[in-house]
Amino acid sequence: MTASDAPLTASALEPLMRIDEVAEVLRISERGVYRLMGRGEIACLKVGGRTLLEPDEVRRFIAQQRADGSRETD
């Protein structure tokens, strides 16, 4: 059994992030987070009626922005 095959437990998962939390991390408005989601730049998921984001997705978005920024200055 590999690590990716291991069953997920609650302690192995990070809590999903609310829109306001993502906005705070990115230092943008909540509306800005919705714009990013609408353009497909950051993925979200719906749980019940709530829109939530995975912390790994937020990290991926930040890493992509860093990579895009370093290409522009080359």
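Search region 14-30 for residues being among the charged types (D, E, K, R) and either touching a Lys or Arg at 6+ places or on another chain (Cβ under 8 Å) or part of a helix (DSSP H, G or I) (or both), and hand back the single one that is farthest from Arg50 (Cα to Cα).
Step one: list which residues in region 14-30 are among the charged types (D, E, K, R), which gives 14, 18, 20-21, 24, 27, 30.
Narrowing further to those that are either touching a Lys or Arg at 6+ places or on another chain (Cβ under 8 Å) or part of a helix (DSSP H, G or I) (or both): 18, 20-21, 24, 30.
Numbers: Arg18: 8, Asp20: 12, Glu21: 13, Glu24: 18, Glu30: 14 Å.
Only one residue fits best here, namely Glu24.
Just checking, how many residues over region 13-24 are loosely packed, with under 15 Cβ neighbours inside 10 Å, among the aliphatic types (A, V, I, L, M) and touching a helix residue (DSSP H, G or I) at 6+ places or on another chain (Cβ under 7 Å)? Break it down stepwise before answering.
Initial filter on region 13-24 (loosely packed, with under 15 Cβ neighbours inside 10 Å): 13-15, 20, 24.
Next cut, among the aliphatic types (A, V, I, L, M) only: 13.
If we keep only those that are touching a helix residue (DSSP H, G or I) at 6+ places or on another chain (Cβ under 7 Å) too, we end up with none.
Number satisfying all stated conditions: 0.
What are the pairs with Cβ atoms under 6 angstrom where one residue, in region 49-64, is surrounded by fewer than 17 Cβ atoms within 10 Å (Cβ to Cβ) and the other, located anywhere, is at pLDDT below 95? Sequence gap at least six, or different chains.
These pairs meet every condition: Pro55/Glu14.
The values are calculated or read from the model by the stated rules, or taken from the named source; none is laboratory data. Since we're looking at a predicted model, the values are computed, not measured. Backbone-built Cβ (ideal geometry, glycine too); neighbour counts: all protein chains shown.
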